[in-house]
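Worksheet: the structure to be examined is printed underneath.
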Amino acid sequence: MTTRKASQASPYAVGDLQGCAPSLDTLLAQVHPETPLRFVGDLINRGPAALRTLRTVRAMGIRAEAVLGNHDIHLLAVAAGVRKRGKSDTLDDILAASDCEELLTWLRHRPLALLENNFLLVHAGVLPQWTAPQVIDLAHEVEAQLQGPNWQAFLADIFGNTPDRWHDGLRGIERHRVVVNALTRLRYCTVDGVMDFKTKEGLGKAPDGFMPWFDVPGRRTGDVTLVCGHWSTLGLVMRPDLMALDTGCVWGGKLTAARMAADPAERTVVQVDCPQYCNPLA
């Protein structure tokens, strides 16, 4: 499911885990064991315990949901044999696990976007011309491919940087590629929604003519609160229309969770310190 009714208890959104199971253990000890959790993607990769992280989140059942991140999709593509492993990948324990097929099936059935109680969760960002309902509809199109019988062939064609912008006439794999790139890779774009895929630095490092996707004037998702991760060099951003939660756990930063409360003043933040496993700009 990608659209949920509000829980009696406000969920906590959790930033990028990237296989840091020990940090997740510490974080979970600080929230009530029945508190709903919403993970913003990149559950695995580069951290030391990808398999345990994936098993932990899956075992939470209906308590938890996770949107897909770029590293999660990369794992699926590697498992499908259509993408090579990266030098910093830490996926071997998952791929060799006795329950690998079950874990990958569970991962394939995760949403790319989740709309819940006026919060829109995505891993990276959204294009300025999309509305929140449109984001969910476009995510559904990709989810249908990932959950279908030809998911391996779909993943063989989904990677790439073109087209770098959306228009309503896009069809087929080009349409799906723009959706995946926006929802799982976006940091900077132009006012017209042209995406930049090179810059990883934080605010103040935007290429000429580009800006953070969430600061584009007239962004059509301004009527909901966006919850995202992906951008570790950005750090924690908490404002009425945005909760950016990737605080670089795998890089030696913190693992962050924030309460998805309607009142911004009640969006409690919980953070735990994390060991450094990688360089964020490597």
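Summary table below
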| read-out | value |
| --- | --- |
| Sites N150 and E34, calculated FRET efficiency, Cβ-Cβ separation with R0 35 Å, nearest 0.05 | 0.35 |
| Three-way shape label, the chain, alpha-carbon gyration tensor, a/c 1.5 | rounded |
| Gained length - R63 relative to D92, 0.36 nm times residue gap less alpha-carbon distance | 7.7 nm |
| Cα gyration tensor shape for region 132-182, rounded if a/c is under 1.5, else prolate or oblate | oblate |
| Sequence-distant aspartates and glutamates (8 or more away, or on other chains) whose Cα lies within less than 15 Å of K84 | D72, D92, D157 |
| Relative packing of 256-268, 93-105, which averages over residues the other C-beta atoms within 10 Å, highest first | 256-268, 93-105 |
| Structure-based [θ]222 nm, the chain - -39500 (n - 2.57) summed over DSSP H runs of at least 4, per residue, nearest 500 | -8000 deg cm²/dmol |
| At most 13 other Cβ within 10 Å, DSSP loop - trypsin sites (Lys or Arg not before Pro), region 175-246 | K198, K205 |
| 20 °C / 1.002 mPa s Stokes-Einstein diffusion coefficient of region 212-260, Kirkwood radius on C-alpha pairs, µm²/s | 187 µm²/s |
| Three-way shape call for region 75-131 based on the alpha-carbon gyration tensor, with the a/c threshold at 1.5 | prolate |
| Residues Y277, Y188, sorted so that the one with the fewest Cβ neighbours within 10 Å comes first | Y277, Y188 |
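Computed from the coordinates by the stated procedures, all read-outs in this text should not be read as laboratory data. Here the structure is a predicted model, which is why all the values come from computation and not from measurement. Every residue, glycine as well, gets a Cβ built from its backbone with ideal geometry; the counts of neighbours run over all protein chains shown.
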